Amino acid sequence: MGVKVKILSFPGGYEELDLSPEEAEKLVYKKKEQYIVVDWATKEVLQDIKLKKGQVIALIPKIQGG
């Protein structure tokens, strides 16, 4: 089992990926300008991205406002 990544979208759906920790970190760094990264179990926003096997994270879209 790798890292489960849930990419949330509006309205209410999400895509789920099962990636290696290295692949998940690359994805997070690629998308970090558009998404907030949250640990699914603790509901904490992750500032330092150090992922491990069995971890579940969510990428939550940042809301653009004016």
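Once you list every other residue whose beta carbon is under 12 Å from the beta carbon of I49, what net charge do they have if Lys and Arg are +1 and Asp and Glu are -1? List each step's numbers first, then the result.
On the way: positive: K26, K30, K31, K32, K50, K52; negative: E22, E25, D39, D48.
Here the count lands on +2.
Rounded to the nearest 500, the helix-only mean residue ellipticity at 222 nm of the chain stands at -5000 deg cm²/dmol, with each DSSP H run of n ≥ 4 adding -39,500 (n - 2.57). Other residues whose C-beta falls under 12 angstrom from the C-beta of Y14 contribute a net charge of 0, scoring Lys and Arg +1 and Asp and Glu -1. Just to confirm the number: angle between the C-alpha axis of helix 21-31 and the first principal axis of the chain, 0 to 90 degrees, nearest 10? Tilt relative to the chain: about 20 degrees.
The overall shape of the chain, judged from the alpha-carbon gyration tensor, is prolate: a/c is not under 1.5, and a/b is greater than b/c. Under the criterion of Cα pairs below 8 Å and six or more residues apart, the relative contact order for the chain equals 43 percent.
Let me spell out the model: positive unit charges on the Cβ of Lys and Arg, negative unit charges on the Cβ of Asp and Glu, origin at the Cα centre of the chain. What dipole size does that give, in debye rounded to 20? Working shown, then result.
Working: 11 positive and 10 negative charges, 15 e Å.
Using only the charged Cβ atoms, the result is roughly 80 debye.
Taken together, the values in this text are just the output of simple stated rules run on the coordinates, not laboratory data. None of these values were measured; they are calculated from a predicted model. We place every Cβ from the backbone using ideal geometry, glycine too, and count neighbours over all the protein chains shown.
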